[in-house]
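Below: the structure, in structure tokens.
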Amino acid sequence: MEQERNNKRKDRIKNAAIIFLIVMLVLTLFSNTIMNISLPQVAVVMPGYAQISEQIRGSGAIEAAATADIKTSDATTVGAILVVVGDTVTEGQTLFTLKDAKKENIEELEVAYENLKNEYDKMLLGTGKDYSLDELAIEKLVDQLTKLRAELIKIPEFDAAYEAATKAKEAAEENQKKLEREKTEIDGIVTDLSAGNYDFLDPTYVKQIEAIQAEIDSFKDKKVLSDERLAELEKGLSDNGGADVVSARQALDAAIQAVTDKQNQITEKRLSAENSDGTVSDSYGDELLTLMNELAELQAKQRVAESNLNDASSKLAVSNGYKNRITTEQAFRNNLQRQVDAATKKLSDLRLKINRELRNKSKDIGDNIEKAKDAVADATAAETKAKEAVPGTVTEVTEKITGLEYDIETARITLAEKQEADIASAGQSAVDVKAKKDAVDRAKAKLDEAQNAKPDNELKSTMSGIITSISAVSGQSAAAGDTLCTVALVENGYQLKFSVSNDQARRVTVGTTAEVMYYWQGDASAKLAKITNDPSDPNNKKLLTFTVTGDVSLGNNLQLTVGERSADYSSVVPASAIHEDSDGKFVLGCVPKSTPFGSRYTAERIPVTVVATNGQYSAIDGSIEGGIWIITTATKPVANNQQVRLQNS
């Protein structure tokens, strides 16, 4: 029993050893495959010779091609700021109000002048002479001179006012003539309408009239044929004892025609009754009443003729078929006559409507003509007044000013000589008096200059454009020449700038057209205008400036692509093979190593420099040994010195 248990234990140990050996054998034989399954699978490419057409990409915000700084002319304090960034301004528009502008202390100047004047007057009082009349005469001359100088400045305004008044009068006269021509034309159309002439009538009305007239003519043509058939039937009836019926029928036709003629006469009377101003003559009512009475008499005769025809027809015993046929044809003919009458009335009503519209229009124009005449009279009076206000030509007023200046200077010299003589007679020093007089004159001139000076209390835009920045702050002081805001001169065009490397800049030339990418706000185009050093890195970078046109505005962001110059490179790989970290750009080479179980592949980091790229392929420069593969894609992230497996291996 003990022996049997030992044997079973030995069998279990032997079986376990066999299984272990089998597993180790399987793992040894399939170790390569098992390990490969867990490795990142990579695609590789061999760097090769290729040609690349490199494009430079960049983006930037649209800015104005030119700007203007709005600066202060003197030291001042900013008051109200009347614009904000983004506002469109025009030349001469007020942007800021200024306060406490630099000016002379007028009160101090007045005190200084009054003190000197009093001292001088005391000197003159010592002479015992009164010079007030002489001074008054000089003041009057000065007032005349001041007035003439003001008129000289305003001569262009007077001339412009006179010219404007003359043009206004000419325009008023031309408007009156135009209205008179329109009225004459409309009155002529009214006259033609009454005479049945539609040559100058509105085409719309002409079409309506012609359409109705065509209806009338059609009905009349049918009526003529019906009359012919009726005449034949009535002849047959007359030959068979119906002469009375035929005679009554003819009498009724004559009565109907008389009524129609009288209605047409009344219509024509209405057309021609109104005067051009819309009124009617005093005799119109009596004439129309007479015509209406005559129409009523003719309508009564028509009714008698109809009654006679009915009596004659009722007495007719002949029943040979003529009577019924005549009755039928007569009914057809009468219906045609009613259609003719209705269409004729429609035409008459239309002509009356057109006539009334034209006369109303003529009346309105007549009213406007009277207003135009008043406007001409007013403009003529304004022209006369403006002409009288002109003081004369520049030459004439200048000559008057020169004469007055001479008279004033002469009067002042005469007064000064008189005062000096009087002072000398009084025993005072003429030199002291003259010095004091000169001091008074200087103080007066300085005071006048300060009082007449107009403070610059507004700062206006010198250009038209868009406000891009405002540096002014309300209430803060500004020195002379300080910039308060900047205006973008959008009328001068737009531009865009971005920085590139020196190597990239060498691949483009001024004048090259750039492609605008991903811009959906309209059409836009860009052209390289200049290449300059980048101020941020002048040794290594260049600044590309493009002129931009199209549907753009300040602040729009554009992406540009420029450069189409091709070059040959010996080491070109897909752009997806290029990686970058804090140490720079690199590629991962796929380095093979031989092992007892076959070839193993390891990723190796190789630093490179991208010489050129077109977005899909890149030319690289680095320590790449011949025959080495470059990893382009991988199923998992790959690190330096990590083992990988190739696709399909």
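The values are calculated or read from the model by the stated rules, or taken from the named source; none is laboratory data. Since the model is a prediction, treat every value here as computed from it, not as a measurement. Methodologically, a virtual Cβ is constructed for each residue, glycine included, from the backbone with ideal geometry; neighbour enumeration extends over all protein chains shown. Only protein heavy atoms, including side chains, enter the accessible area calculation; ligands, DNA and RNA are left aside. Shrake-Rupley method; radii C 1.70, N 1.55, O 1.52, S 1.80 Å.
Quick rundown of the values:
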{"item": "GluC sites (Glu not before Pro) within segment 534-615: DSSP coil, no more than 16 neighbouring Cβ in 10 Å", "result": "Glu564"}
{"item": "Residue-span extension gain [Thr260 to Lys99] - 0.36 nm each, minus C-alpha spacing", "result": "48.8 nm"}
{"item": "Cut-off under 5 Å, modelled amide H: who pairs with Lys460 long-range", "result": "Leu95"}
{"item": "Relative contact order (%) - criterion: Cα under 8 Å, at least six apart; region: the chain", "result": "32"}
{"item": "Calculated [θ] (222 nm, deg cm²/dmol) that DSSP helices of n ≥ 4 give over the chain, each run adding -39,500 (n - 2.57)", "result": "-19500 deg cm²/dmol"}
{"item": "For segment 61-67, Karplus couplings with θ = phi - 60° (6.51, -1.76, 1.60), whole Hz, Gly/Pro x", "result": "9, 5, 9, 6, 5, 9, 9"}
{"item": "Cα-Cα over 23 Å, subset of Lys178/Lys361; Lys527/Lys585; Lys418/Lys446", "result": "Lys527/Lys585; Lys418/Lys446"}
{"item": "Segment 66-216 - convex hull of the alpha-carbon atoms, volume per residue in Å³", "result": "320"}
{"item": "Calculated Kirkwood radius over Cα pairs in Å (choose from [x] 26.3; [y] 28.5; [z] 41.7), label", "result": "[z]"}
{"item": "Proximal lysines relative to Lys346, as straight alpha-carbon distance under 21 Å, when same-chain residues fewer than 8 apart are discounted", "result": "Lys207, Lys220, Lys222, Lys223, Lys262, Lys269"}
{"item": "Near-label residues of segment 41-72 by backbone N, under 19 Å of a point 7 Å along Cα→Cβ of Lys541", "result": "56-63"}
{"item": "DSSP-loop chymotrypsin sites (Phe, Trp or Tyr not before Pro) across segment 592-649, with at most 16 other Cβ within 10 angstrom", "result": "Phe597"}
{"item": "Accessible-area value, Ser425, 1.4 Å probe, nucleic acids and ligands omitted, Å²", "result": "100"}
{"item": "Residue-span extension gain [Gln647 to Ala479] - 0.36 nm each, minus C-alpha spacing", "result": "53.0 nm"}
{"item": "Those aspartates and glutamates that a straight Cα-Cα span of less than 19 Å connects to Lys385, excepting residues fewer than 8 apart in one chain", "result": "Glu151, Glu157, Asp159, Glu163, Glu170, Glu173, Asp374"}
{"item": "Computed lengthening from Ala421 to Ser525, 0.36 nm per intervening residue step minus Cα-Cα distance", "result": "28.9 nm"}
{"item": "Pairs from Lys147/Lys444; Lys400/Lys460; Lys99/Lys387; Lys169/Lys353 whose Cα-Cα separation, in the structure shown, is over 31 Å", "result": "Lys400/Lys460; Lys99/Lys387; Lys169/Lys353"}
{"item": "Total charge dipole magnitude, segment 563-649, about the Cα centre, Cβ charges on Lys, Arg, Asp, Glu only, Debye to nearest 20", "result": "420"}
